[in-house]
Amino acid sequence: MFDALERAFTRAVPVGIDCSLRAERSISESYSARRGVPAPPRRSTSVGAMITVEHGGAIGYAATTDLSEQGLRRALTDALDWAKASTGRMVPGYPASALTGEKGTFDTLEREPWTAVSPSDKIELLLDLSRRLKVDDRINDWGASIAHAQTESLLLTTKGGGVHQNICVVMPAMFATASSGAQTQRRSFGDSKIRQGGFEVLDDMGFSTAPERIAHEALMLIEAQECPSDRMDIIIGPDQMVLQIHESIGHPLELDRILGDERNYAGTSFVTPEMFGTYRYGSNLLNISFDPAEAGEATSYAFDDEGRRARKEYLIKDGVLARPLGSATSQHRANLDGVANARACAWNRPAIDRMANLNLEPGNSKFDDLVAQVERGIYVETNFSWSIDDSRNKFQFGCEWGQMIEDGHLTRVVRNPNYRGISSNFWRSLKGVGDRDSYFVGGASQCGKGEPNQAVRVGHATPACLFADVDVFGGAA
Amino acid sequence: MNFHRHFQDIADRVTALTHGEEISLSNYYAEQSDFLRFNRSAVRQPGSVTDIELTVDLVKGRKRASAATRLTGDRAEDEARVAAIVADARQALGAAPDDPFLLFNSSPQSSEHIAENDLPTRAAAIDAITRAGTGRDMVGIYAAGRTAYGFANSLGQRNWHSADSFNLDWCFYHSADKAVKANYAGFEWRDGEFERIAADAANTLPVLSRTPKTVPPGSYRAYLTPAALAEVWGWLGWGAFGLQTHKTRSTPFLRSIDGADELAKNVSLGENIAAGVAPAFQSDGFLRPDRISLIGHGAYDQCLVSPRSSAEYGVATNGANEAEQPQSLDMAGGELKRGDVLRELGTGVYVSNLWYLNYSDRNNGRLTGLTRFASMWVENGEIVAPLNVMRFDDTIYRMLGSELLGLTSEREMILDTGTYGRRSVDSMRLPGALIGDFRLTL
């Protein structure tokens, strides 16, 4: 669909103007059923483009839905106006140019195209799951949904750059809420279930086989005892590890936070530039990679939204901090090497430093071996609550599911399991990393940041991990 | 571009494409926004966004389907896009099962609100910000321009709400995580008012140069400013006031609805659309009452009821949005004078801002979150030092119930700075709260 746009861009840009155009066409579909009743299906198409002009050492951007040659001319004039007004007033170290001449493509592999399954079949699937979630009168709310987003993007630059990417993401969800007396408990498929691909993602993630387990576990939770409050070893299941990595490694390593851009909103970071290369972030077992090539992960891509070619890099190697999540502009400002992570949530927001696929590399321990190491501890999975300070240091997470570990065995279920710690020393207590058998490829569908605000999808892959001597506690007033 | 005229043309076009027994509901959103992002008193990302979004719901019998697109302002192009999404919605209707919870307003009630105001030019905005930031470390965002909401249906209803507004939200940083948060937002920019707010914020900076105080976990007297209290209500707004969470017993006010606990008698809270800045209509065409009491004298009162919940639970809708979240919260003030806050606090923590709230135990209304920005340690009514970040973990029944010592008589109007997808029109009018025993845990 972008052929006409390429021609319009070429005609609209006067000689001597340095600029880029990032266009996007995103089609989103969602189906859901709650308490056995399907909600109206929804489909949304968003088409637009952002032109960013470089002028006199400054930039300006203008985003528009009007992709005609005339519309692009108006946007270009607008962006140039901003750049002129900002000349001599940009933040220190701003690069003379961020434009690239890279060319290339990327396409998500859909083994079973989303569109090959009819809307009626999608609705029938959800109704079937919904029926299977209602296993008991105490299940008072239940539901399932599937969402799909196809985003086709084009980046053109006056340096000859041309990047065309087509990314498809599938996001299934399911929950059962059980209530009895003063206790209500929710068990879900987890918000971390997101992957690139087609309809096959649902089977790959076990969507169709989950409802009975989810419903029965919700019932177990309302009958369970409160999680005890004590310091103990904790095994964090991979779907909760996703959030642990996201909040207490991903965000603090974002270079724009370290440079202060986010201090008014998302926050700063306890990490400072001089830590890279020497700071012990975690135990020797901790290896964190930025890996845009992990198959099927939510934010795999070949180029970031400013056209930088993406490749795998270690951010933390054998526990030592190696490099930040910093895009080309931030790298120039901080004089640090980074990664290709300039990303925008849509055509109407400028790219900023972001997580993409941020993974904890698998280790050598079988899950049962991790459990066997624990004399008294807890296993937790599926996030319910998350909170962390603006320097990304003091955190508290709550999970849906907790199970005590006693003398090397998983025992009774407990409800409202919470744990808290401090990022700067928590990862040093990592004493066991699961192997490929517990390795889970997921992510988060809504990571908020930026001014103006942006919510993007991110990918995280990780095995289960064991941490020593963590502050664990339960609910009740 | 004249959004109002464009909306009317588009609404007419959708109606013309609505056939036979079909009924169409159109929701229109448009904005022309300037966004100036700055850091260290210098420009980081300056730009503008022109965006027009149209969502069309087609209803036929008990079936409903929705399709959305972006519009351009070009007549021919927009007509083609409107025709395409009406066709999409019509095709989806074919696969959609009957919806027993379908409800939309079928008694047309049209309305119009237009506020055209003077906003600064881009150059003036940059000048004002860089002037205020001279010699200081200033970071934040200036967002300004027109936002417009329209609703139309094929039954003849037309609702329109547009306003020109600005929201300048920033911090003056001292060092590390120590900063003063400030905001200047409204509909008519006045240099003098901005300079007064900036000067007030700057006057707090010297205190932040003192050696910060780290307090051990424990219980403390505390004062929450209106901005801090806004974080509490902002978090609770996600699920505390809707009929659906009430009926499914997943509300954090579970103990209140079971009669096991309640807030202090001086806590009264409502959705006050008449005093807010959000449109007085919602996406199914229902108009909102001027005021809905959510908590009355400490007791859980009414729920926000969306049309869908209305049909599901047999309770009349009060024009709530689909998520049943408040948009214009209004909390009654109390007797405490703002000028007496430090004296009444005595020794304890002055919480200028809270951050990243979530639940420790939702059934029991137990929340956690963190202090932020210019929170202070106070002794004998005097500010002693900036407070190093602390986590709280406490219940709403203690914070705004048994341990609530008073609310300020003065209230602040807080215009939401949110810009996820679009510029927010949410607001809160809140007092500050003095708490006798506030639990800090980490």
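The values are calculated or read from the model by the stated rules, or taken from the named source; none is laboratory data. What you see is a predicted model; the values in this text were computed from it and never measured. A quick note on method: Cβ atoms are made from the backbone with ideal geometry, for glycine too, and the neighbour counts reach across all protein chains shown. When the accessible area is computed, the model is the full protein with side chains, heavy atoms only, and any ligands, DNA or RNA have been set aside. Shrake-Rupley method; radii C 1.70, N 1.55, O 1.52, S 1.80 Å.
Below is a table of values for the structure above.
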quantity: Cβ-placed point charges (K, R +1; D, E -1), dipole of the protein assembly as shown about Cα centre in debye, nearest 20; calculated: 820
quantity: Dipole-positive endmost among A:70, A:461, B:250 within the protein assembly as shown (Cβ charges, Cα centre); calculated: A:70
quantity: Sum of side-chain charges, residue B:284 neighbourhood, beta-carbon under 9 Å (Lys, Arg +1; Asp, Glu -1); calculated: -1
quantity: Within-11-Å neighbourhood charge of residue B:408 [Cβ basis; K, R +1; D, E -1]; calculated: -2
quantity: Segment A:125-164 versus segment A:26-88: alpha-carbon centroid distance in Å; calculated: 22
quantity: Residue B:4-residue B:106 FRET efficiency (beta carbon distance; Förster radius 30 Å; 0.05 resolution); calculated: 0.75
quantity: Only Lys, Arg (+1) and Asp, Glu (-1) charged, at Cβ; segment A:429-477 dipole about Cα centre in debye; calculated: 180
quantity: B:40, B:423, ranked by accessible area, largest first (probe 1.4 Å); calculated: B:40, B:423
quantity: Cα-based shape type of segment B:218-440, given that a ≥ b ≥ c are square roots of the gyration tensor eigenvalues and the cut on a/c is 1.5; calculated: prolate
quantity: Share of carbon and sulfur in the accessible heavy-atom surface of segment B:218-440 [1.4 Å probe, %]; calculated: 47
quantity: Order by protection proxy (mean Cβ within 10 Å, highest first), peptides A:4-16, A:393-405; calculated: A:393-405, A:4-16
quantity: Distant alpha-carbon pairs in chain A (separation over 35 angstrom), percent; calculated: 36
quantity: Whether chain B is rounded, prolate or oblate, judged on the alpha carbon gyration tensor where a/c under 1.5 counts as rounded; calculated: oblate
quantity: Evaluated over segment B:107-158, the Cα radius of gyration and Dmax, each in Å; calculated: 19.1, 59
quantity: Volume per residue that the Cα convex hull of segment B:217-310 spans, once the total is divided by residue count, Å³; calculated: 135
quantity: Percentage relative contact order, segment A:64-205, counting C-alpha pairs under 8 Å, at least six apart; calculated: 26
quantity: Summed side-chain charge close to residue A:161 - residues other than residue A:161 whose Cβ falls under 9 Å, Lys, Arg +1, Asp, Glu -1; calculated: +1
quantity: Total charge dipole magnitude, segment B:237-395, about the Cα centre, Cβ charges on Lys, Arg, Asp, Glu only, Debye to nearest 20; calculated: 160
quantity: Of B:294, B:321, B:433, farthest towards positive along the dipole that unit charges on Lys, Arg, Asp, Glu beta carbons give segment B:218-440; calculated: B:321
quantity: For segment B:152-250, radius of gyration divided by Kirkwood radius, i.e. Rg to Rh on alpha-carbons; calculated: 1.14
quantity: Bridge type composition, chain B - antiparallel percent by DSSP, nearest 5; calculated: 90
quantity: Rg and Dmax of segment A:274-419, Cα atoms only, in Å; calculated: 18.6, 55
quantity: Mean separation of Cα contacts under 8 Å (6+ apart) over length of segment B:378-442, as relative contact order %; calculated: 41
quantity: Accessible-area ranking of B:110, B:310, largest first, probe 1.4 Å; calculated: B:110, B:310
quantity: Kirkwood Rh in Å, taken over all unlike Cα pairs in segment A:155-275; calculated: 18.9
quantity: Mean Cα-pair separation over length for chain A, i.e. relative contact order, pairs under 8 Å, 6 or more apart, %; calculated: 16
quantity: For residues of A:389-396, the mean tally of beta carbons on other chains within 10 Å; calculated: 6
quantity: Members of B:60/B:247; A:449/B:181; A:312/A:431; A:122/A:193; A:317/A:431; A:312/A:394 lying beyond 20 Å, as alpha-carbon distances in this model show; calculated: B:60/B:247; A:312/A:431; A:312/A:394
quantity: Reduction of at least 40 Å² in accessible surface, 1.4 Å probe, comparing all protein chains with the chain by itself, residues of segment B:246-292; calculated: B:248, B:249
quantity: Residue A:332 accessible area, assembled protein chains, probe 1.4 Å, Å²; calculated: 110
quantity: Complex-versus-alone comparison for segment B:142-182, residues with a loss of 30 Å² or more in accessible area, probe 1.4 Å; calculated: B:173, B:177
quantity: Accessible area per residue, Å², the protein assembly as shown with all protein chains present, probe 1.4 Å; calculated: 35
quantity: Shape call, segment A:3-223: gyration tensor on alpha carbons, a/c limit 1.5; calculated: prolate
quantity: Rounded to the nearest 10 Å², the accessible area of residue A:164 at probe 1.4 Å; calculated: 70
quantity: 10 Å binning of all Cα-Cα separations within the protein assembly as shown, expressed as whole percents from 0 upward; calculated: 2, 12, 21, 27, 24, 12, 2, 0
quantity: Dipole-positive endmost among A:340, A:422, B:46 within the protein assembly as shown (Cβ charges, Cα centre); calculated: B:46
quantity: Cα long-axis angle, helix B:3-17 against chain B (0 to 90 degrees, to the nearest 10); calculated: 40
quantity: For segment A:226-473, the spread of Cα positions along each principal axis, largest first, Å; calculated: 52, 33, 33
quantity: Karplus 3J(HN,Hα) series, Hz, for segment B:107-120 with 6.51 cos²θ - 1.76 cosθ + 1.60 (x for Gly, Pro); calculated: 10, x, 9, 8, 7, 8, 9, 10, 10, 9, 10, 8, 10, x
quantity: Accessible surface of segment A:349-477 [probe 1.4 Å, protein heavy atoms]: carbon and sulfur percent; calculated: 42
quantity: Note, ³J(HN,Hα) from phi for segment A:425-431, Karplus 6.51, -1.76, 1.60, rounded to Hz, x at Gly and Pro; calculated: 10, 4, 5, 6, 8, 5, 10
quantity: Per-residue HN-Hα couplings for segment B:151-163 [Karplus 6.51, -1.76, 1.60; θ = phi - 60°; Hz; x = Gly/Pro]; calculated: 10, 8, 10, 6, 8, x, 6, 9, 10, 9, 9, 9, 8
quantity: Buried accessible area, chains A and B (both chains, 1.4 Å probe, Å² to nearest 100); calculated: 7400
quantity: Alpha-carbon centroid distance for the pair segment A:356-396 / segment A:302-338, whole angstrom; calculated: 24
quantity: In degrees, nearest ten, helix B:191-208 long axis to first principal axis of chain B (Cα); calculated: 40
quantity: Kirkwood Rh in Å, taken over segment B:1-145 so that all alpha-carbon pairs contribute; calculated: 18.3
quantity: Separation between Cα centres of segment B:183-208 and segment B:115-171, rounded to whole Å; calculated: 17
